[in-house]
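Participant: Dropping a structure here in structure tokens format, bear with me for questions.
The values are calculated or read from the model by the stated rules, or taken from the named source; none is laboratory data. What you see is a predicted model; the values in this text were computed from it and never measured. Using ideal geometry, Cβ is built from the backbone for each residue, glycine included, and neighbour counts are taken over all protein chains shown. Only protein heavy atoms, including side chains, enter the accessible area calculation; ligands, DNA and RNA are left aside. Shrake-Rupley method; radii C 1.70, N 1.55, O 1.52, S 1.80 Å.
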Amino acid sequence: MIKIGDFSRLAHVSIKTLHHYDELGLLSPVHVDRYTSYRYYEVGQLSQLNRILALKDLGFSLEQVAGLLQENLPTAELRGMLRLKQMELAGRVEEEELRLQRVEQRLLQLEHEHNPLELTVAVKEVPAQAVLQASTVAAREEMIPAARNSLQQLIHNHLEQAHLKPASPWFALSNELPYSESNLEITLAVGVNLRSGQRAGDWQGSPVSLQELPPVADMASVLHMSEPAALPQTYASLYAWTQSNGYQVAGAYREIYLSEEGAGAAPLTETSAGCIELQCPLQRASIPLSLRPRTEPEKGKETMEPKIVNRPAFKVIGLSYVGKNEHGEIGQMWGRFNQRAHEIKEINMKEAFGLCFSTVEGGARPGDFEYVAGFEVAGRENLPAGMVYREVPAYKYAVFTHHGKLDTLGETYQYIYNTGLAQAGLKPHPDKFDMEVYAEDFKLGDDNSKFYIYVAIE
């Protein structure tokens, strides 16, 4: 799964826009962490987002987009609509020509849905490198090529003044900040071999700076040899690979513009064909102590495989909370429930449940979830005042064990949804349901306590 900030950058859509689409019911996160309020998306949701953006670029209002999505518009029909829009835009002024480029990009992304790029990711060691770099801001995405060319000319002039030649291909550095729809910061760099006596101070006060990129022991590398417009898909595939292989991104991406002309060749324009190497530094996604088994892992291998179980449907009576748990309301509700649990008749005392329903009926704010603290019952008879009755369907679950006290529960959930499920090759069920199961081995406030987190999966 992908945090909203990373999904924003991969999709080239701002976090504010993603929140707005969630409020309208166009694109909701697959999971909202009830302890940290982190929102998580899946790489597969890029397809739905591409449709929303394509229909929006066709001139439909967001309300109309919602209706078209419910009709499950075929890709072929959507492609035809986009091509008609291409012809319409071709006759407009410069601003409309920029919109045409965005539509072309969405078309390529739609076509690649059924013809995914076959990518081979390699992990290699990259040595330290001295680089000359410069940064600027592009007002809009369409202005990035011109801004990049301007940076290259600026750096090239400083290379000539310093009597230096490029010692590497040109490359862009992309930080991990969420994508912005305007005022996009662009950093371009090229490797250099300094002459005797040259130092960073030689460029002090100029728009160009000399930087030392540190060595990277584990650098993920993948070659993009398709259209530049399909580059976001390659970024998404690389990100998905890091998660499924137990890594996390540990620094800025590098977008290296390779050319048959060798080091120093000009970077590609948005419309040209060529080869781009994407690189990102990696570090192993560390399993939090709260999820570590008491047995030592194999030397050199730290993995955490969830147990897969099928659980039949069951019924629960308990107390309900609806919200975002912004002030620890769930813990407070458990305190009230423990005092009233004796009011529930004919319960199964072997397990207590913390049910989390992502879909809340009637008047909930965007991002709200329902959490029910309760016990399994045979039916809804003798429902105590102020309590609720809920039925949980049969699901297949990935089961994770939380060890220790509850104050590290947020770390546990963050690892499960950001790394654990992807590394195990699992996807959450579309219902986005999970639950906490407290059995006899749960001891409140005890370091040796443990309980079980069940995540419904496809």
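Participant: Taking the stretch 324-360, which residues are out of contact with any Lys or Arg (no Cβ under 8 Å at 6 or more places or on another chain), outside any helix (DSSP H, G or I) and open to solvent by less than 30 Å² (accessible area, probe 1.4 Å)? Write out each step before concluding.
Facilitator: Filtering the stretch 324-360 down to residues out of contact with any Lys or Arg (no Cβ under 8 Å at 6 or more places or on another chain) leaves 326-329, 331-354, 360.
If we keep only those that are outside any helix (DSSP H, G or I) too, we end up with 326-328, 344-354, 360.
Residues satisfying the conditions are Ile344, Ala352, Phe353, Gly354.
Participant: Out of the stretch 402-420, which residues are assigned to a helix (DSSP H, G or I) and farther than 19 Å from Gly328 by Cα?
Facilitator: So the first thing to find is which residues in the stretch 402-420 are assigned to a helix (DSSP H, G or I), and the list is 406-420.
Tyr415, Ile416, Tyr417, Asn418, Thr419, Gly420 - these are the residues of the stretch 402-420 that are assigned to a helix (DSSP H, G or I) and farther than 19 Å from Gly328 by Cα.
Participant: Now for a separate question. Taking the stretch 51-88, which residues are open to solvent by less than 40 Å² (accessible area, probe 1.4 Å) and outside any helix (DSSP H, G or I)?
Facilitator: Leu58, Leu73
Participant: List every residue pair whose Cβ atoms sit under 6 Å apart, with the two residues 6 or more apart in sequence or on different chains, where the first one lies in the stretch 429-449 and is more than 15 Å from Ala394 (Cβ to Cβ) and the second, anywhere, is among the β-branched types (Val, Ile, Thr) and part of a loop (DSSP other than H, G, I, E, B).
Facilitator: Within 6 Å, the pairs are Lys432/Val30.
Participant: Checking Gly386 against (1) open to solvent by 30 Å² or more (accessible area, probe 1.4 Å); (2) in contact with an Asp or Glu (Cβ under 6 Å, 6 or more places away or on another chain); (3) at pLDDT 90 or above, only one condition comes out false. Which one?
Facilitator: Exception for Gly386: condition (2).
Participant: Can you go through Ile308, Ile317 and tell me which one is part of a strand (DSSP E or B), modelled with pLDDT of 95 or more and surrounded by fewer than 13 Cβ atoms within 10 Å (Cβ to Cβ)?
Facilitator: Working: Ile317 fails: surrounded by fewer than 13 Cβ atoms within 10 Å (Cβ to Cβ).
Selected residue: Ile308, the only one of Ile308, Ile317 that is part of a strand (DSSP E or B), modelled with pLDDT of 95 or more and surrounded by fewer than 13 Cβ atoms within 10 Å (Cβ to Cβ).
Participant: Could you please give the count of residues in the stretch 226-249 that are β-branched (Val, Ile, Thr) and more than 11 Å from Thr419 (Cα to Cα)?
Facilitator: Total meeting the criteria: 2.
Participant: In the stretch 12-40, which residues are open to solvent by 10 Å² or more (accessible area, probe 1.4 Å) and part of a helix (DSSP H, G or I)?
Facilitator: Ile15, Lys16, Thr17, His19, His20, Asp22, Glu23
Participant: Right, another one. For Val360, only one of the following conditions fails: (1) at pLDDT 95 or above; (2) within 30 Å of Tyr21 (Cβ to Cβ). What is its number?
Facilitator: Status for Val360: all satisfied but (1).
Participant: Then there's this: Exactly one of (1) at pLDDT 90 or above; (2) open to solvent by 10 Å² or more (accessible area, probe 1.4 Å); (3) not polar (S, T, N, Q) is unmet by Tyr397. Its number?
Facilitator: Among (1) at pLDDT 90 or above; (2) open to solvent by 10 Å² or more (accessible area, probe 1.4 Å); (3) not polar (S, T, N, Q), the lone unmet condition for Tyr397 is (2).
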